[in-house]
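Let me begin by presenting the structure, written as structure tokens, before commenting on it.
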């Protein structure tokens, strides 16, 4: 990244390096563990409270999605691990889905934040879009004017639509292949997965970001790369 870009965007240090900060504090490890536990619990509640067929692990309003997406943008692979385990344990095993189906279909929740992390940290951050999504709610970030219209456009296009497609395809497609979803209901469940991720993501993400992202950054708890 050029020096001019570094001076223009205060989030330049958040990139795709594997392990840029070698020393990790106990506080960070605790946060990684807590966010995984939170995602597991919210995944379970999303399905048992709003899942028409709880054994399928699919919810009508998967309100955990914005949490694991934001956590992944903060904490890289730790957030993605939370997303995956949330689906395996909370939305899978705990609601009666078998071990193998849970392990396989949960890849739908893994690929979603993975694609977002790569896109924002590797491409959009260098073009003025905040990888922590604060430009969705703030007019400026550390004195730098936010590109709010562009930020919302990319957020809805990528996270609401494009990255949601492989997530739904994997999650529902694997369950269909395993015989958990009848052929006549495939597209019902596919659109159910797609919409139940997109709507809470668009509604709840700005609330989480506005309340917590600056606080997490001020405490030096945002991962600079994939691991630390």
For residue 31, state whether it is within 30 Å of residue 185 (Cβ to Cβ) and either surrounded by 15 or more Cβ atoms within 10 Å (Cβ to Cβ) or in contact with a strand residue (DSSP E or B) (Cβ under 8 Å, 6 or more places away or on another chain) (or both). no
Filtering region 175-201 for residues that are without any contact (Cβ under 8 Å) to a residue 40 or more places away in the chain and either assigned to a helix (DSSP H, G or I) or crowded, with 20+ Cβ neighbours inside 10 Å (or both) leaves a count of 13
Out of (1) modelled with pLDDT under 95; (2) crowded, with 17+ Cβ neighbours inside 10 Å, the one residue 204 does not meet is (1)
The residue from 209, 172, 216 that alone is closer than 30 Å to residue 13 by Cβ, surrounded by 20 or more Cβ atoms within 10 Å (Cβ to Cβ) and in contact with a helix residue (DSSP H, G or I) (Cβ under 9 Å, 6 or more places away or on another chain) is 209
Subset of region 53-73, residues in contact (Cβ under 8 Å) with a residue 60 or more places away in the chain, over 19 Å from residue 156 (Cβ atoms) and surrounded by fewer than 20 Cβ atoms within 10 Å (Cβ to Cβ), comes to 55, 60
Of the candidates 39, 47, 88, the one satisfying the condition of being buried (at least 22 other Cβ atoms within 10 Å of the Cβ), at negative phi and free of Cβ contacts under 8 Å to residues at least 40 places away in the same chain is 88
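For the structure I just gave you, tell me whether residue 160 is surrounded by 14 or more Cβ atoms within 10 Å (Cβ to Cβ), at pLDDT 95 or above and assigned to a helix (DSSP H, G or I).
yes
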Residue hits (region 48-68; within 15 Å of residue 194 (Cα to Cα), modelled with pLDDT of 95 or more and either touching a strand residue (DSSP E or B) at 6+ places or on another chain (Cβ under 7 Å) or part of a helix (DSSP H, G or I) (or both)) are 65, 66
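The values are calculated or read from the model by the stated rules, or taken from the named source; none is laboratory data. Computed from a predicted structure; not experimentally measured. Positions of Cβ are backbone-derived with ideal geometry, glycine not excepted, and every protein chain shown enters the neighbour counts.
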